[in-house]
Amino acid sequence: MIELDGIDVSYGNIQVIWDLDMAVSEDDGVVSLVGPNGAGKSTLLRVMSGLHPVDAGTVTVWDEDVATLTPSDIVRRGFVHVSEERNLFGQMTVRENLEMGAYTKREELDEMMEEVFEVFPILEERSDQLARSMSGGQQQMLAIGRGLMAKPRILALDEPSEGLAPQITDRVFEKIEGISEEITVLLVEQHVNRALKMADRAYLLENGRIVREDTGQGLLESEHVKDAYL
Ligand SMILES: Nc1ncnc2c1ncn2[C@@H]1O[C@H](COP(=O)(O)OP(=O)(O)O)[C@@H](O)[C@H]1O
Ligand SMILES: [Mg+2]
């Protein structure tokens, strides 16, 4: 469970998150975090991953203060964040990229890779291909697959549909729905409609504040969301 309690976050002297509360547990299914560009969604994921400090409030990762943990401690505890940039190693093969995601011993690594190949058969077919030569959709699947290699209990995906054609986006979302049957997915999206339809719970973030928190369906039906996002 990741808990944000009354957090303020800034870059230099510019505050971007204000007194924000949020919680995601490993029993949540899909939690969507939606909101416009610049609202602070990616910043929140960086805070949860131990990559950016808070100015006030507390962040706990399975009951431990984030400030006492390194980013890799956080991954080991079960929170894995696939960033917007994907950060693949373009000169390395698909298989090598997947190996980089693993935090475990060799034999377990092979097992995890088999599981990832079951979710994304394309990655097995292309396992010896260089990551940079894959299509955008395939690279996104590789980034998610690499996240799965770390055996997350909560997998956070930052704008997985970004830059993908609609048809490819559909395929990626189907995969995410499948993954969410096994582990909690924290889905950050500007595709508000899609992300809310999939969500068990959802937060709407605007200008660094949570302005609504509800079930995915509840948010979809709210006048504010309908007017501003749909
Ligand atoms: N590295 C950074 N340095 C300075 N400001 C940043 C940085 N990253 C993000 N910001 C600012 O923080 C705010 C929130 O950004 P971000 O978390 O990326 O929003 P979102 O992911 O919702 O689009 C924006 O005003 C953005 O300009
Ligand atoms: Mg972002």
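The values are calculated or read from the model by the stated rules, or taken from the named source; none is laboratory data. Source: prediction; values computed, not measured. Don't worry about glycine lacking a Cβ; one is built from the backbone with ideal geometry, like all the others, and counts go over all protein chains shown.
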Taking the range 127-143 only, how many residues are crowded, with 22+ Cβ neighbours inside 10 Å and either touching a Pro at 6+ places or on another chain (Cβ under 7 Å) or farther than 13 Å from Arg95 by Cα (or both)? 1
Can you find, within the range 146-193, the residue that is farthest from Ser135 (Cα to Cα) among those that are surrounded by fewer than 19 Cβ atoms within 10 Å (Cβ to Cβ) and within 16 Å of ligand 2 (Cβ to nearest atom)? Gln190
In the range 13-45, which residues are aliphatic (A, V, I, L, M), within 13 Å of ligand 1 (Cβ to nearest atom) and not in a loop (DSSP other than H, G, I, E, B)? Ile14, Val16, Ile17, Leu20, Leu33, Val34, Leu44, Leu45
Given the conditions (1) under 14 Å from the mean Cα position of the chain (by Cα); (2) near ligand 1 (Cβ under 10 Å from one of its atoms); (3) of a type in the set (Gly, Ala, Ser), and given that Ser10 satisfies all but one, which numbered condition is not satisfied? (1)
Which of (1) under 22 Å from Glu114 (Cα atoms); (2) outside the structural domain of Met48 (by TED's automatic domain parsing) is the odd one out, the single condition Glu182 does not satisfy? (2)
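This table checks each residue for (1) in a loop (DSSP other than H, G, I, E, B); (2) within 16 Å of ligand 1 (Cβ to nearest atom); (3) within 20 Å of Leu44 (Cα to Cα).
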position: Gly178; (1), (2), (3): no, no, no
position: Glu182; (1), (2), (3): yes, no, no
position: Asn193; (1), (2), (3): no, no, no
position: Lys197; (1), (2), (3): no, no, no
position: Tyr203; (1), (2), (3): no, yes, yes
position: Glu213; (1), (2), (3): no, no, yes
Ser49 more than 30 Å from Asn13 (Cβ to Cβ), within 16 Å of ligand 1 (Cβ to nearest atom) and buried (at least 20 other Cβ atoms within 10 Å of the Cβ): no
In this structure, does Ile2 turn out to be within 14 Å of ligand 1 (Cβ to nearest atom) and surrounded by 22 or more Cβ atoms within 10 Å (Cβ to Cβ)? no
Tally of residues being among the polar types (S, T, N, Q), part of a loop (DSSP other than H, G, I, E, B) and at pLDDT 95 or above across the range 104-134: 2
Within the range 153-175, can you find the residues that are closer than 24 Å to Asn37 by Cβ, in a helix (DSSP H, G or I) and touching a residue at least 40 places away in the same chain (Cβ under 8 Å)? none
Just checking, how many residues over the range 46-69 are part of a strand (DSSP E or B) and either farther than 14 Å from Val24 by Cβ or in contact with a Gly (Cβ under 6 Å, 6 or more places away or on another chain) (or both)? 5
